[in-house]
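A.B. asks: Let me give you the structure first, and then I'll get to my questions.
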Amino acid sequence: PPVPLLDAQGRATAVLVTGASSGIGLSAALHLQRQGLHIFAGFRKDADRERLSELGLDPIQLDVTSTSDIANAVARIKGSGLSLVALVNNAGLTTKRPLETVAMASVRRILDVNVFASLELTQQMLPLLRSTARKIVGKSQQRGARIVFIGSVSGIVSLKLNGVYSMSKYALESMADTFRRELATTGIGVSMVNPGYINTNFRKRGAASIQAETLSDRDQALYGADFEKLSRKIARRPTFAAPCCDGTDTAIADAILSPRPRTRYYPAVAMPHVPAWAVAPVLRLFSVVPFTEPVVD
C-alpha cells in the first residue's frame, strides 16, 4: 500500500531518520522534508540540536546504542500524535583495520551501532509502523509504511582492511531480507539502500583512521603495504566518487514513497565512472559461483 503524505487530520505524516546530523542522513532528511513529510532527525551531540531545528527538521536525541534514548524517541513520536510512516536506519560507524590486528573493542562498537542498534530500534518502532499500516482511509484504501536500511556495496564484497565494516553490512542484508519476508502481509515494505563511493564526512573519517600515526607497530609491520595502497586509493577517490547526496536522496525517497519500492538500491559509483548498480549484480554472481571467486580476489 502507498505511504500517505497526510494523515486523517490533514497533518504531515512522519519519518524517523537516524544519524541525521550530517552526510547521507542529513541530506535525506532535508530531501524528504521537501516532499512534505515531517522529519524526526536523530542526533547525538547537543550542538546539532539547534542547527537541525533551524533547518526545519524536528531534532530528536538518539544515540542508537542507548535503550533509554530509543524508548524516549518512541514516546516522543507517539506523543506527537503524528503517524510514523517510515524508519530510515542510517546511523553507522566504520574502521579500516585488518581482521588480524583490529581491536575487539572497535569490532564490538561497530557491530553495536551498525547491526544491533538497527535491530533494536526497528523492533521498538514497529508497533508505530504497524499502527500506521493498519489504519484505513475512506472505506478500503490501506495505508502503507516503510523501513529503509542504509547498507553499502561493502555488504556484497569484502575488501582488505574493510572486514569489520563489511561484516556489519552483510548482517544488514540478512536483517532486511528477513524483515521484508516476515512483514510481507502487513503493508510495511522493507528496502536496502547500498551506496557506492560518495564524498561525505563518513568517508573522510575512514581515511583519517589509516593515517600513519594511528597505526600500531604491528599494523605497520604486517600490513604496511596494504595501508599505503589504500591511502593512495582514498586520495584518488574524491575525483570519481559521487557528490553528496542526490543519488541516495532519490533512492531513499523512492523506497519510502513508491507504491512498489525495490528491495535494493545501488546509488553512486563502485569504481571510477562505473555505477554501483551495474557492478552489484556481477559481484553477487561471483559470490555464489565458487569457481569465479578467485577472479574477485
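A.B. asks: At each listed q (0.27 Å⁻¹), what is the log10 of I(q)/I(0) that the Debye formula gives for segment 233-297 modelled as equal alpha-carbon point scatterers?
C.D. replies: -1.10
A.B. asks: Follow-up. Counting only DSSP beta bridges with both residues in the chain, tell me the antiparallel percent, nearest 5.
C.D. replies: Approximately 20 percent, going by the DSSP bridge assignments.
A.B. asks: At a Förster distance of 22 Å, what's the computed FRET efficiency of residue 75 paired with residue 50, Cβ-Cβ distance as r, to 0.05?
C.D. replies: Approximately 0.50, to the nearest 0.05.
A.B. asks: Something else about it: Relative contact order of segment 32-129, please, whole-number percent, based on alpha carbon pairs below 8 angstrom and at least 6 residues apart.
C.D. replies: About 25 percent, as a whole number.
A.B. asks: Restricting things to Cα coordinates, could you compute the convex hull volume per residue of segment 23-96 in Å³?
C.D. replies: It comes to 105 Å³ per residue, whole-number rounded.
A.B. asks: I'd like the Karplus ³J(HN,Hα) series for segment 174-182: coefficients 6.51, -1.76, 1.60, θ = phi - 60°, whole numbers in Hz, and an x wherever there's a Gly or Pro.
C.D. replies: Coupling constants for segment 174-182: 5, 4, 5, 4, 5, 4, 4, 6, 6 Hz.
A.B. asks: Can you give the extra length, in nm with one decimal, that the chain gains between residue 142 and residue 105 once fully stretched, where that is 0.36 nm per residue apart less the Cα-Cα distance?
C.D. replies: Computed gain between residue 142 and residue 105 is 8.8 nm.
A.B. asks: Using all C-alpha to C-alpha distances in segment 1-140, build P(r) with 5 Å bins and read off the rounded percent in each one.
C.D. replies: Pairs per bin, as whole percents: 2, 10, 19, 21, 18, 13, 8, 5, 3, 1, 1, 0, 0.
A.B. asks: With a cut-off of 8 Å between alpha carbons and a minimum separation of six or more residues, what is the relative contact order of the chain in percent?
C.D. replies: Relative CO of the chain lands at 19 percent.
A.B. asks: For segment 110-127, take each phi angle, set θ = phi - 60°, evaluate the Karplus expression 6.51 cos²θ - 1.76 cosθ + 1.60, and give the result in whole Hz per residue in order, putting x for glycine and proline.
C.D. replies: Those phi angles translate into 5, 5, 4, 6, 7, 10, 4, 5, 4, 5, 5, 5, 5, 4, 6, 8, 4, x Hz.
A.B. asks: Here's another thing I want to ask about it. Starting from the amide H of residue 161, placed 1.01 Å from N in the peptide plane, find each other amide H under 5 Å away whose residue is 5 or more places distant or on another chain.
C.D. replies: Placed amide hydrogens put 99 under 5 Å from residue 161.
A.B. asks: Determine, at each q value in 0.09, 0.11 (inverse angstroms), the log₁₀ of I(q)/I(0) that the Debye formula gives when each Cα of the chain is one equal point scatterer.
C.D. replies: -0.45, -0.66
A.B. asks: Whole number in Å², please: accessible area per residue of segment 139-183, 1.4 Å probe, ligands, DNA and RNA not counted.
C.D. replies: 39 Å²
A.B. asks: What part of the accessible area of the chain, given as a whole %, is carbon or sulfur when the probe is 1.4 angstrom?
C.D. replies: C and S fraction of accessible area: 56 percent.
A.B. asks: Next question. Let me know the charge dipole size of segment 6-99 about its Cα centre in debye, to the nearest 20, where only the beta-carbon of Lys, Arg (+1) and Asp, Glu (-1) is charged.
C.D. replies: Value, rounded to 20: 240 debye.
A.B. asks: I've got another one for you. Which of 165, 197, 223 moves most in a GNM of the chain, Cα contacts under 10 Å?
C.D. replies: Top of the fluctuation ranking is 223.
A.B. asks: Run the numbers on segment 144-263 and let me know its relative contact order in percent, using alpha-carbon pairs under 8 Å that are six or more apart.
C.D. replies: Relative contact order of segment 144-263: 33 percent.
A.B. asks: Hey, what D do you get for segment 103-199 in µm²/s if you plug the Kirkwood alpha-carbon radius into Stokes-Einstein at 37 °C and 0.692 mPa s?
C.D. replies: Value of D from the Cα-based Kirkwood radius: 221 µm²/s.
A.B. asks: Could you give the length gained on full extension between residue 260 and residue 221, defined as 0.36 nm per residue of separation minus the Cα-Cα distance, in nm?
C.D. replies: Taking 0.36 nm per residue and subtracting the Cα distance, the gain is 8.9 nm.
A.B. asks: Let me ask something else. Would you mind checking segment 250-280 for residues with the amide N under 19 Å from a putative spin-label position 7 Å along Cα→C-beta of residue 288?
C.D. replies: 262-266, 277-280
The values are calculated or read from the model by the stated rules, or taken from the named source; none is laboratory data. Given the structure is predicted, the values throughout are model-derived calculations rather than measurements. Cβ sites come from the backbone with ideal geometry, for glycine too, and all protein chains shown count toward neighbours. Each accessible area value is taken on the protein alone, full model and side chains, heavy atoms only, with ligands, DNA and RNA left out. Shrake-Rupley method; radii C 1.70, N 1.55, O 1.52, S 1.80 Å.
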